[in-house]
Amino acid sequence: RLMEDSKKKRKQYGGGAQGNRRPLDGNHEEPMPLPNPMVGFSLPNDRLRSVTRRLPQQAIGPPFFYYENVALAPKGVWATISRFLYDIEPEFVDSKHLCAAARKRGYIHNLPIENRFPVLPLPPKTIFEAFPHYEKWWPSWDPRRQFNCLQTSMSSAKLTERIQCALANSGNPPHRSVQKYVMDECRKWNLVWVGKNKVAHLEPHEVEYLLGFPRDHTRGVGKTERFKSLGNSFQVDTVAYHLSVLKDMFPNGVNVLSLFTGIGGGEVALHRLGIHMRTVVSVEIGEVNRRILRGWWDQTQTGTLIEIADVKSLTNDRIATFVRRFGGFDLVIGGSPCNNLAGSNRHHRDGLEGEQFALFYHYFRILDAVKSEMAAM
């Protein structure tokens, strides 16, 4: 019902051209081509390219909004996301251009793209710049200089033991078949060399560093939960680069509606930019994630944090109350869960019909309600 209501509401956008557009059903859309290289509209210190874009009229006006999800989604997903979010062209970025780990993501937003700036210091872009102590044991036949996408889980002790045994029983250098086996596993799990023939997974504080979070941001919860929370988070340096345009626009701070907040990647990005958050209404169902965010907020922020567990409980009436209370929101930010879009288990890659991705329609519903309420102010 929510999808049908949203589709009806979308018909008010785009005028007469709507009838000539393809259906909103993602299963019948052509795939949206991904750029290569995946560098978005600009990168820090990118003086060579000049990109201009024109936002559709219905996307202009408060609030600013920012939506993120995995770039490598099933067929039709990004075309449908774009249609719901006012036909804005996605900005696809691989964070390997900004840090030492790949993270292919798509962002749809109505932020300006001129006068962006990165947070300082700039993060290292290679493994050895980030962690120079690993170079001592790094074999010459391992060509990696950056990590692959950081996952929500870590390798098993049995796997690292099998790798160690395979290398011990091979020559120096190892046979090509052994090298291939080891490299496939190292790339998949982002394993690093910690001794002779010995690999290990990254530690949580190292993943925090690669993703742009402060050290110990997720400390205090179980290791498995830390990896899961970090694997589902923003890459902070990338998001901060996009949000940097807000600093001069809101010198007195911002009111933020944060949907699917996770461990607060958007909030950390704003904080690192020096943008004061007067109020953040955070919607996050995970108790562990809420605990991590609250712990960070209480140590670093002076504004008001309002926490809501379930996005479905954020009704239009409740949204209207918040808009009147705070005078509107300056930024609506979030990325709905990507469980049905990514991962090696293709049985759960249900795309737009998946239980988790269906939460995207709540992002659109809430954003649309905020825009309507603010337009009526």
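The values are calculated or read from the model by the stated rules, or taken from the named source; none is laboratory data. Fair warning: this is a prediction, and the values are worked out from it, not measured in the lab. Here the Cβ is made from the backbone with ideal geometry for all residues, glycine too, and neighbour counts use every protein chain on show. The area values use the complete protein model at the heavy-atom level, side chains included, leaving out ligands, DNA and RNA. Shrake-Rupley method; radii C 1.70, N 1.55, O 1.52, S 1.80 Å.
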Inspect region 204-226 for any residue being under 16 Å from residue 159 (Cβ atoms) and among the small types (Gly, Ala, Ser) and give the result as yes or no. no
Only listed residue being open to solvent by 40 Å² or more (accessible area, probe 1.4 Å), at pLDDT 55 or above and under 13 Å from residue 107 (Cα atoms), chosen from 72, 48: 72
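Yes/no matrix, rows are residues, columns are (1) of a type in the set (Lys, Arg); (2) touching an Asp or Glu at 6+ places or on another chain (Cβ under 7 Å):
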residue: 167; (1), (2): no, no
residue: 175; (1), (2): no, no
residue: 180; (1), (2): yes, no
residue: 189; (1), (2): no, no
residue: 200; (1), (2): no, no
residue: 207; (1), (2): no, no
residue: 215; (1), (2): yes, yes
From the list 207, 256, 199, which one is in contact with a Leu (Cβ under 8 Å, 6 or more places away or on another chain), not assigned by the TED database to the domain that holds residue 370, not acidic (Asp, Glu) and not in a helix (DSSP H, G or I)? 199
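Rundown of residues vs (1) closer than 30 Å to residue 62 by Cα; (2) of a type in the set (A, V, I, L, M); (3) assigned by the TED database to the domain that holds residue 174; (4) surrounded by fewer than 18 Cβ atoms within 10 Å (Cβ to Cβ), yes/no style:
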{"residue": "91", "(1), (2), (3), (4)": "yes, no, no, no"}
{"residue": "101", "(1), (2), (3), (4)": "no, yes, no, no"}
{"residue": "106", "(1), (2), (3), (4)": "yes, no, no, no"}
{"residue": "150", "(1), (2), (3), (4)": "no, yes, yes, no"}
Given the conditions (1) touching a helix residue (DSSP H, G or I) at 6+ places or on another chain (Cβ under 9 Å); (2) closer than 18 Å to residue 194 by Cβ, every one holds for residue 108 apart from (2)
If a residue has to be surrounded by 15 or more Cβ atoms within 10 Å (Cβ to Cβ) and either outside the structural domain of residue 257 (by the TED database) or assigned to a loop (DSSP other than H, G, I, E, B) (or both) to count, how many in region 307-329 make the cut? 3
Enumeration of residues in region 243-259 that are under 14 Å from residue 107 (Cβ atoms) and buried (at least 24 other Cβ atoms within 10 Å of the Cβ): 243
Checking residue 282 against (1) within 17 Å of the chain's Cα centre (by Cα); (2) in contact (Cβ under 8 Å) with a residue 40 or more places away in the chain; (3) crowded, with 19+ Cβ neighbours inside 10 Å, which single condition isn't satisfied? (2)
